[in-house]
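Please read the structure below before turning to the comments.
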Amino acid sequence: LPQRSVVRRRHRHLFSKPQRSKKKVAAVNVDNQIAVLHVEDYKPVARMVKDVLGAGYHVESCASGLAALEFLRQKDRLDVLIVDNNLPGISGLELVLRVRSIVHRRSLPIIMLSGDDVEKEAWRAGVDAFLQKSKAAKQLAGTVERVLNEKEEDDPE
């Protein structure tokens, strides 16, 4: 009897579903800002995204897919990636595929913001949300918060 291990009480039933937490977005920076990388070669759209997201977001911009890929390979903290499909260098779809193959960026929420009709291809490539540029001003901030909340529910820390 002294060699037996102590019987511990279970916290959950073996067959119960995992409980989802009701936490809000915890992916905030030291400056209380969410780090966003926006990959867009058309400057008016890049300015519009910065204006729409506004306070609470630190938006970095890249004008090409290759520059964004170099930025993403570094270990800098990043909460969300917003990418266009028509980019110089590599396309947005190719960028999404490559980001999903980078080990420390696999769970990074990716939003494709494009004027092209590539929604099906974007979902297959691995985006978390797809927005048409014509509707971006109204839906972008809500979509960013939604993908961050979904990430937080999937990966409670």
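Largest first, what is the accessible-area ranking of 124, 77, 98 with a 1.4 Å probe?
Numbers: 124 180, 77 105, 98 85 Å².
From most accessible down to least: 124, 77, 98.
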Stretch gain in nm, segment residue 50-residue 76, where the contour uses 0.36 nm per residue and the Cα spacing is subtracted: 7.4 nm
The range 53-92, relative contact order [Cα under 8 Å, separation at least 6], %: 48 percent
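With 27 Å as the limit, write out which pairs from 43/151; 75/133; 50/135; 75/120 have Cα-Cα distances beyond it, or answer none.
Numbers: 43/151 29 Å; 75/133 29 Å; 50/135 15 Å; 75/120 30 Å.
In this structure, 43/151; 75/133; 75/120 lie more than 27 Å apart at Cα.
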Where the Cα pairs of the range 28-157 fall when distances are cut into 10 Å bins, in %: 13, 49, 34, 3
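Relative contact order for the range 54-128 using alpha-carbon pairs under 8 Å, separation at least 6, rounded to a whole percent?
Numbers: 82 pairs, mean separation 23.6, N = 75.
Relative contact order, the range 54-128: 31 percent.
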Gained length - residue 134 relative to residue 42, 0.36 nm times residue gap less alpha-carbon distance: 31.7 nm
Label-point separation in nm, residue 107 to residue 150, each point 7 Å along Cα→Cβ: 1.6 nm
The range 43-139, accessible surface, carbon-and-sulfur percent (1.4 angstrom probe): 51 percent
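The values are calculated or read from the model by the stated rules, or taken from the named source; none is laboratory data. Because the structure is predicted, anything quoted here is derived from the model rather than measured. All Cβ positions, glycine included, derive from the backbone under ideal geometry; neighbour counts span all protein chains shown. Only protein heavy atoms, including side chains, enter the accessible area calculation; ligands, DNA and RNA are left aside. Shrake-Rupley method; radii C 1.70, N 1.55, O 1.52, S 1.80 Å.
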